[in-house]
Structure formats: C-alpha cells, structure tokens
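First the structure, in the form of structure tokens, and then the observations on it.
The values are calculated or read from the model by the stated rules, or taken from the named source; none is laboratory data. Small disclaimer: the values here were computed from a predicted structure and weren't measured. Cβ atoms come from the backbone with ideal geometry, glycine included; neighbour counts cover every protein chain shown. Ligands, DNA and RNA are excluded from the accessible area calculation, which covers all protein heavy atoms including side chains. Shrake-Rupley method; radii C 1.70, N 1.55, O 1.52, S 1.80 Å.
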Amino acid sequence: MRAEQFLKERRFLQPARDTLERIIVTQREKARQFIFSKIYSQLDEKMIESLDSIISVDEGKTSKLQQLKCPLAKASPKGILALIQKLELIQESKILEIEQSWLNNNYQRSLAKYCSRCSAHRLRQMKPSHRYAILVCFLWQTNRDTIDYIIDMHFKLITKVYSYAQNELFKEMRKKRKKIRRSLSILKVISNLILDDTVSDEELRKKVFQKIPREILIAQIDDAESWLTGKYSHVFNLIIKRFNYLRQFSPALFNHIHFQQEGNISSDLLEAIDILRDLNSNNKRKLPEDTPMGFVPVKLRTLVAPCGNIDKQAWECALLTRVRDEIKAGNLSVKGSKRFCQFDDFFMSDNDWIKIRSDFFKRIKLPENPTDVPSYLIMRLNNAYMIPF
C-alpha cells in the first residue's frame, strides 16, 4: 500500500501487484543483509568471543542464553539480585558500547523476540553475521527490560514494607484499644472540667484529682509518652526496623541503576544517591558532615536526624522511599530504561526532524511556516461554512 501510494503521488504508472511484491521482498532482503553486516562490522574479537560464550553449552550445564531468558522472579531482594546478575552478564560482553540508535527499535525488538524463541543450538547453525546481529539486539532489549523489572520490583518491595509496617501499627493499636479508650475518656473528663465556667481556676486542680486519681493520671501519661515518642509513634519507625531487609538489595540497586533528573526536583536527591553509592563502593558506614537532607520530607526530619545527628539507616530508608516516589511522579528518570526513561527519548532528535520536516508538511498538506497557520485555518473555516447557491 505504501509503495502504491508513493507511485501515485509522483504520478508513475502502476506496475503489476506481483511485480511490486517481488521488488519489496528483494529490497527487504538487501536491507536485512545491510543491517546484519553493519552490526557485525562493529564487533571486535573480544565481543565475538563473549557472544559465542553466551550460546556455548558445557556438559551438564545450561547456556548463558537460557539464563538470560529465565522467567521473571517473584518480587524479593533475591529477585532483584538475580536481575542484576543479568545486567552484569550483559555488561561483561561490552555489547552496550555498540551504537544502535540508527536501527529501528521495532526491528530490534523483532530480532530479540526471534532470539528468545530460538535455542542456543539453532543460533549456532546460523550465518555469523545473522547470528551476532540477533544476539546483539537480544542483549540490548534484555538489558532495557531488565532495568524496568528492577525498578518495578523496587516499587513493589517498598510498597510491601510500608504495608507490613502499617499492618503492624494497626495490630498494636487494636491490642492497646482499651488503654486508648481510657485515655480518651480521661481527656474528655479533663476537657469538660476546663470548659466548665462554674469551676474556678483555683478549684480546677482539686476537681480534676477528685474525678481522676493521681496514680491513674501518671500511668496514662506514661502510656501516652510511649505512643507519642516510641516505636509506634510513626509508621516510619517500623520502616527503619526493616532496614536489614532493604539493605539486601539497595547497594546493588544504586550501583547498577543510574538516575537522571527529569522534572523539578531538588538536586539534593541525586547528590544523596551519589553519596550512598560512594559509601557502598568504599565500604564506609559513616555519613559525611555535609550530607544533604533536602529530599527528606519535613515530617520525617526529626526521625531521620534526631537531636540534629543523622541516622544513616533512617536516611537510607527515606532515600529509597523518595526515589520510588519521584520515579512514579516522573521527576526522576532511569538511564537505559524503556518505561522510566526521559520523556524526550520517546521523540526523534531535532537533527532528524529537520531532515524530514519539509516533506512531512507537504505530505499532510499543512503550512510549514508558523506565521501562515492563522490565515490557513481561517481559509479552512470559511470553506467549511461556505453555502453553495
């Protein structure tokens, strides 16, 4: 259909349909061979060896290709670490250094899906240029998909931790239901006495102790203090208690996933990620004195930095939570991702647009010059409302 439309626009005589189909098949085959040879020409000896090792099978073992095609694991720290092992395997092959922007992304995905259906034995039987092109596209697409899976698992794990913490807080509130009701009843009695205008200020203290014994009031104050400043005073305290669970995957996450600023967010967030990545790589535990706190919500700053001293566990939990929230809000993008990449990556570059701009406007029959748009729309509107006599 596109070939017939092309010939019609240029007023060429339409050939027979089988002639067009034969030409299209021939040109498609030439395009495939061009793509395969161009990808193959970018490979060096080490890359070829790494690709051959992916489809090689030792006796009694599975190939690396099969490991890369393994189904997605359940959301867990071990699941994230398994996905990161896939990233490391792909990065070791150095395939990501090959420039692939010239190749249509849909065709890359088509070759990657074909590779996922093939066995290692089937790939070894192909021509070298064909085999390596398929493997390169498969590794490129698998790398991007794996990054998306890691971010998605990170979302699920943080959400699960908060759900468990919230449920634990609700269970504790149910256990303390009687004490809470007693505290509320005491508060009601005291409030009524304070608001009673018939009770003078001199008699108020005596009236309170007549209604509520001093020992009971002291006990209620101790219970209230535990709820206001203790473990169950805020759900974030229970998140900090699960720091060891989050720590199982957070170093690997920040080491292999690179974040970029997308929206209007504070630079403190990216600076905090760099600081944590540096601490993990150098096996350090103490935060520097100039550790940023701008990304921490105001309500949590007293919990993250009690008495002005930053608690590293609380700070890292707040960082993991804020990273999840900012990615969901679109203010933080992930390099190399499909779903969480920068918004501009979904569009063609300015240089590519300049090349096809004139032909595009001619094809859709719209004015190329923005200053001609008002007159063009007025003309279209007048023609639409013109009543023939």
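Key figures
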item	result
Segment 1-144: C-alpha gyration tensor shape, a/c 1.5 cut-off, then a/b vs b/c	prolate
From phi via Karplus (6.51, -1.76, 1.60), per-residue ³J(HN,Hα) for segment 329-339 in Hz, x at Gly/Pro	6, x, 8, 9, 10, 10, 5, x, 8, 8, 7
Eligible aspartates and glutamates near Lys312 by straight Cα distance, threshold 17 Å, same-chain separation 8 or greater	Asp268, Glu271, Asp274, Asp278, Glu289, Asp290
Fluctuation leader among Pro288, Pro213, Pro251 - the chain, Gaussian network, Cα springs under 10 angstrom	Pro213
Exposure rank, largest accessible area first [His121, His154, His130; 1.4 Å]	His121, His130, His154
Whole-number Å³ per residue for the convex hull built on Cα positions in segment 112-249	162
Placed amide H near His258: partners under 5 Å, 5+ positions off or other chain	Lys335
Residue-wise HN-Hα coupling along segment 176-187, computed from phi with Karplus coefficients 6.51, -1.76, 1.60 (Hz; x: Gly, Pro)	8, 4, 5, 5, 5, 5, 5, 5, 5, 5, 5, 4
With DNA, RNA and ligands ignored, accessible area of Lys160 (1.4 Å probe; Å², nearest 10)	60
Computed helical MRE - 222 nm, the chain, DSSP H runs ≥ 4 contributing -39500 (n - 2.57), nearest 500	-21500 deg cm²/dmol
Under 14 Å, Cβ to Cβ, from Arg10 - net charge with Lys/Arg +1 and Asp/Glu -1	+2
Residue among Leu157, Leu320, Leu103 with the largest mean-square fluctuation in a Gaussian network model of the chain, springs linking Cα atoms under 10 Å	Leu103
FRET efficiency, 1/(1 + (r/R0)^6) with R0 35 Å, evaluated for Arg285 and Phe155 via beta carbons	0.85
Anchor Lys365: lysines whose Cα lies under 25 Å away (excluding residues fewer than 8 positions away in-chain)	Lys8, Lys355
Heavy atoms of Glu215: accessible area, 1.4 Å probe, square angstrom to 10	130
Pairs beyond 31 Å (Cα-Cα), from Lys74/Lys299; Lys241/Lys284; Lys299/Lys338; Lys30/Lys338; Lys176/Lys299; Lys38/Lys74	Lys74/Lys299; Lys299/Lys338; Lys38/Lys74
Segment 62-168: chymotrypsin sites (Phe, Trp or Tyr not before Pro) in DSSP coil with no more than 11 other Cβ atoms inside 10 Å	Trp102
Average accessible area per residue (Å²) across segment 45-143 - probe 1.4 Å, nucleic acids and ligands excluded	56
Fluctuation leader among Ala16, Ala165, Ala252 - the chain, Gaussian network, Cα springs under 10 angstrom	Ala16
Calculated on alpha-carbon atoms, Rg and Dmax of the chain in Å	32.6, 109
Leu238, Leu184, Leu20, ranked by accessible area, largest first (probe 1.4 Å)	Leu184, Leu20, Leu238
Under the Karplus curve 6.51 cos²θ - 1.76 cosθ + 1.60, θ = phi - 60°, whole-Hz ³J(HN,Hα) for segment 235-243, x wherever Gly or Pro sits	5, 5, 4, 6, 5, 5, 5, 9, 4
Cross-link partners of Lys206 among lysines (Cα-Cα below 27 Å; sequence separation of 8 or more within a chain)	Lys178, Lys179, Lys188
With all protein chains modelled, accessible area of Ser163 [1.4 Å, Å²]	50
Built amide H within the under 5 Å cut-off of Lys338, gap 5+	Asp148
Share of Cα-Cα pairs in segment 221-354 lying beyond 18 Å, as whole percent	61
Surface share of carbon and sulfur [accessible, 1.4 angstrom probe, percent] for the chain	54
